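Reading through the structure tokens given below for one structure.
The values are calculated or read from the model by the stated rules, or taken from the named source; none is laboratory data. Values in this document were obtained by computation on a predicted structure and should not be read as measured data. All Cβ positions, glycine included, derive from the backbone under ideal geometry; neighbour counts span all protein chains shown. Heavy atoms of the whole protein, side chains included, go into the accessibility calculation; ligands, DNA and RNA do not. Shrake-Rupley method; radii C 1.70, N 1.55, O 1.52, S 1.80 Å.
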Amino acid sequence: MSVENAPVVDVDEAAIPVEKKMYYRFESNDKKEFRVSELAIQQSETLNRLVEAMGYTSEDVENKPAIAIENIDGKTLKLVFQWCEHHKGEAIPVDDGSVPKIVEIPEFDAKLMDIDNGLLFKLIWAADYLNIVQLLNVSCKKVANMAQGKTPAQLRRVYLLPSDEEDEAAKRAAQEAQDPRAREVEEEFEERKRQGGNSFF
Amino acid sequence: MNRFPLLRLPYVALREVILSTDRSDVINLALSSKNSCRIINTTKNAVSMRKMSQDVIDELGAVDRLKIGRLENLENSTNVIKTINLEVSKHSTYKISLLYFTGGPNVSLEQKKYLIFELQVRSIKDKTEGKRKIIRLGGTDVPVIIKSKCEICTLWEDIEFGAQFLSQHFLQLLKLNQSTLIVDPKGTDGSEFSGILKIALKSFSKEKSVLSIANIEFMRDSDLKTVVHNIGYGTIRIIGDRDGRVRNTFECEARQLVNMRMRGRF
């Protein structure tokens, strides 16, 4: 199945599927609504627990407001649900402890993740937040592959890593930024002591 | 260039990226900054000898071993003994070993971890078998042949320059705890051997060090003088042929002198 044909649909552009299975309605933080099958939701531990706890009937799903996912935008959520629909029914992978981890990126996932790094960052963030183990595995593998054959200097550029000098400078700046307040607290403490008070807090 | 803000990922995702990264790439990532190294060492794909198992260390390739040596130096662990065996002979070699131990130096073998690698110094004109590669050492591209997991053969137009370069590089790269100078004049070209011997002595840490001379009967007087004159060694080991003889008398200073298979008065 291609990425384009994945069965996630925006409510305003597709008809409600005729299958008898229950389709839950979710809403992104930018008010985009999605219908996702019960089986696809099982890929997300977080959403699966949520819908179990809610105990919705088919009528509830239709009549109650869509479940809001406030931390994720519509563009990202669409990718997440496309992935879940494509992989619905698949077993959740269990970590076998191998290091480095052996992760294959299937063709569908590779096409789905053929996106800019800003969106890839949001997708990983969403996979982590919604606890979708295999989506987190493949998206993190894609990021890991960016390191292949790179020198330390190239990796600093690819991953936007500060150098030791930059880290030191940031640490000094943070300390200096904290100092005025620390001085204020100290002055306040001294003032109270002068006034004869023995308790500061 | 396509960039990705790795450190802004939540920790679970960041850990997944590190766990999915190949060993060589994760070592390079650790070398990119102290902070990256610290984060990597919180995962199971650690690059510190403290965290790696001996099996993982044994699987490392030659270049990765060299980089781990550099990382251990950055970490400045007091539990790692870094030794260099500098061999000046027909085939000059810098053999570097890192020994990690926990709970004091008298611990059992199981609690110790070893990482060994050696760099040989060869002429680029020599017919050394193997595929040539370029590796970057101290900002310089050096042609090499990787002979095994532990051996890198470095190739130089000028062997003396190569020896000098590697000596300086390792002095800067590794804070060594122990060093052994192994001198074997058998089969060497006189002038080149003398030159490399002088370079080796300049870069060689004299304190608590060991001098080992093999085939002393082939040693020229001037070279013998160079190697022992005014240097106080921890130990001097002299090894010769069973029937060989020290041709001349010489003075040396050491806490311990070991004479093996040699005739003569000491």
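Every test in (1) modelled with pLDDT under 50; (2) out of contact with any helix residue (DSSP H, G or I) (no Cβ under 7 Å at 6 or more places or on another chain) is passed by A:Met1 save one, and that test is (2).
Residue check: is A:Val143 out of contact with any Lys or Arg (no Cβ under 6 Å at 6 or more places or on another chain), under 30 Å from B:Ile27 (Cβ atoms), within 11 Å of another protein chain (Cβ to nearest Cβ) and surrounded by 15 or more Cβ atoms within 10 Å (Cβ to Cβ)? Considered against the rule, which asks whether it is out of contact with any Lys or Arg (no Cβ under 6 Å at 6 or more places or on another chain), under 30 Å from B:Ile27 (Cβ atoms), within 11 Å of another protein chain (Cβ to nearest Cβ) and surrounded by 15 or more Cβ atoms within 10 Å (Cβ to Cβ), A:Val143 comes out as yes. If you go through the range B:46-58 one residue at a time, do you hit one that is under 30 Å from B:Leu197 (Cβ atoms) and at pLDDT below 85? No, because not a single residue in the range B:46-58 is under 30 Å from B:Leu197 (Cβ atoms) and at pLDDT below 85.
Of all residues in the range A:74-121 being closer than 19 Å to B:Val12 by Cβ, within 18 Å of the chain's Cα centre (by Cα) and in a loop (DSSP other than H, G, I, E, B), which is nearest to the other protein chains (Cβ to nearest Cβ)? Ranking the candidates gives A:Met113 first. Residues of the range B:33-46 that are farther than 15 Å from A:Val143 by Cβ, within 8 Å of chain A (Cβ to nearest Cβ) and open to solvent by less than 10 Å² (accessible area, probe 1.4 Å): B:Ser33 alone. Tell me, which strands (runs of 3 or more DSSP E) lie completely within the range B:129-242 with 3 or more residues that are open to solvent by less than 60 Å² (accessible area, probe 1.4 Å) and touching a residue at least 24 places away in the same chain (Cβ under 8 Å)? Per the criteria, B:151-156, B:178-183, B:210-214, B:232-239.
Of everything listed in (1) open to solvent by 20 Å² or more (accessible area, probe 1.4 Å); (2) more than 9 Å from every other protein chain (Cβ to nearest Cβ), the single unmet condition for A:Thr151 is (2).
Residues of the range B:14-24 that are surrounded by fewer than 21 Cβ atoms within 10 Å (Cβ to Cβ) and at the interface with another protein chain (Cβ under 7 Å from one of its Cβ atoms): B:Asp22, B:Arg23.
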